[in-house]
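Engineer: First, the structure itself, so that you have it in front of you.
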Amino acid sequence: MNGQTNSRAHNNAALPISGTGKGVEPYYLPVGNEVEVFEAAYRSGMAVLLKGPTGCGKTRFVTHMAWRLGLPVHTVSCHDDLTSSDLVGRFLIKGRETVWVDGPLTRAVREGGICYLDEVVEARKDTTVIIHPLSDDRRILAIEKTGEELHAPENFMLVISYNPGYQHILKDLKPSTRQRFVALDFDYPPEEMETDIVASESGLERKTVAKLVSASRKMRSLADSGLDSHPGTRMLVHAATLMHNGLPLKTACEAAIIRPLTDDAEIHRTMMDIIEAVF
């Protein structure tokens with residue numbers, strides 16, 4: 001690091017860290033040292049990469065950390081048609097005038113906060129290149145259309161996420177991008193902890209939730225049998241919440257877990273058999 005970067009990291013040590021958010025704290029149960037690593041990255045002015053399967057808590061973690069740090073979150077759900085203008089901004093015609101309208105990335109750089117690019121590898125390669133100067137020690141955003149070069153404030157943080165299990169060689173982060181980030185690996189939490197999370201989020205009694213979590217872990221083993229995606233913790237919360245609100249167990253599991261995951265009749269039956277066997 002150069003002297004300027006070290007000085008900035010030292011100055012950031014005074015930034016707020018614990019419990020400074022407004023409103024109700026978003027529930028998050030740490031699995032490892034992810035909270036400490038994220039906070040250290042924020043103090044150091046570093047960008048963070050979250051890796052893990054769908055529904056394992058990456059987005060909730062970002063929301064929780066934003067609350068802890070007292071920062072707003074600018075979330076972008078990336079997709080194939082996402083352009084650099086969608087992130088940075090564009091000129092629009094309003095009445096008889098042509099005005100510049102900031103995109104979410106530019107707003108975050110101007111105002112501070114976390115810019116969270118969810119499933120970043122889904123975006124076009126030429127789009128993700130624009131985050132390079134923001135994710136290294138330069139921390140700048142160049143807006144070619146306006147001629148501006150914005151320097152990110154101390155309370156700006158860039159966070160990106162993706163699911164390595166869904167990606168292939170044509171949809172992966174380039175090494176030149178990955179190496180700019182501090183990376184955190186996420187996965188489904190241990191069984192006892194996942195039970196605590198689902199029970200807390202849904203309000204369903206823990207005994208029933210424990211069986212639901214047990215069933216989900218058996219379903220996750222079906223990935224080698226044609227199931228494209230695992231039933232994530234988020235889906236378990238949905239099912240448990242439906243049950244807490246009076247929906248029968250089988251109906252809730254089928255609606256919140258099985259049908260969203262598969263259209264295959266045989267896998268559908270197998271997953272229902274697992275539910276019946278566990279309960």
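The values are calculated or read from the model by the stated rules, or taken from the named source; none is laboratory data. Every value quoted in this text rests on a predicted model; they were computed, and no experiment measured them. Note that each Cβ is placed from the backbone with ideal geometry, even for glycine, and that neighbours are counted across all protein chains shown.
Engineer: For the range 136-147, enumerate the residues that are surrounded by 14 or more Cβ atoms within 10 Å (Cβ to Cβ), of a type in the set (D, E, K, R) and either over 21 Å from Leu49 (Cβ atoms) or in contact with a Phe, Trp or Tyr (Cβ under 9 Å, 6 or more places away or on another chain) (or both).
Structural biologist: If the condition is that a residue be surrounded by 14 or more Cβ atoms within 10 Å (Cβ to Cβ), of a type in the set (D, E, K, R) and either over 21 Å from Leu49 (Cβ atoms) or in contact with a Phe, Trp or Tyr (Cβ under 9 Å, 6 or more places away or on another chain) (or both), then Arg139 is the only one that fits.
Engineer: Do we find a residue being at pLDDT 90 or above and assigned to a loop (DSSP other than H, G, I, E, B) anywhere in the range 5-18?
Structural biologist: Among the residues of the range 5-18, not one is at pLDDT 90 or above and assigned to a loop (DSSP other than H, G, I, E, B), which makes the answer no.
Engineer: Suppose we filter the range 134-159 for residues that are within 15 Å of Gly113 (Cβ to Cβ) and among the β-branched types (Val, Ile, Thr); how many remain?
Structural biologist: Of the residues in the range 134-159, 1 are within 15 Å of Gly113 (Cβ to Cβ) and among the β-branched types (Val, Ile, Thr).
Engineer: Considering only the range 227-246, I want to know if a residue exists there that is more than 24 Å from Leu29 (Cα to Cα) and among the hydroxyl-bearing types (Ser, Thr, Tyr). Outline the logic, then answer.
Structural biologist: Step one: list which residues in the range 227-246 are more than 24 Å from Leu29 (Cα to Cα), which gives 227-228, 246.
From what is left, the residues that are among the hydroxyl-bearing types (Ser, Thr, Tyr) are none.
No - not one qualifying residue is present in the range 227-246.
Engineer: I've got another one for you. Select from the range 181-192 the residues that are touching a strand residue (DSSP E or B) at 6+ places or on another chain (Cβ under 8 Å) and crowded, with 20+ Cβ neighbours inside 10 Å and write down the one among them that is farthest from Ser216 (Cα to Cα).
Structural biologist: Top of the filtered list is Phe181.
Engineer: Of all residues in the range 85-124, which are free of Cβ contacts under 8 Å to residues at least 40 places away in the same chain and of a type in the set (A, V, I, L, M)?
Structural biologist: Result: Leu92, Ile93, Val99, Val101, Leu105.
Engineer: Would you confirm, using the coordinates I've provided, whether Leu150 is touching a strand residue (DSSP E or B) at 6+ places or on another chain (Cβ under 6 Å), in contact (Cβ under 8 Å) with a residue 12 or more places away in the chain and surrounded by 13 or more Cβ atoms within 10 Å (Cβ to Cβ)?
Structural biologist: Spelling it out, Leu150 is indeed touching a strand residue (DSSP E or B) at 6+ places or on another chain (Cβ under 6 Å), in contact (Cβ under 8 Å) with a residue 12 or more places away in the chain and surrounded by 13 or more Cβ atoms within 10 Å (Cβ to Cβ).
Engineer: Something else about it: Hey, which of the helices (runs of 4 or more DSSP H) in the range 85-135, taking only ones fully inside, have at least 2 residues that are among the basic types (Lys, Arg) and assigned by TED's automatic domain parsing to the domain that holds His151?
Structural biologist: The helices (runs of 4 or more DSSP H) meeting that bar are 104-111.
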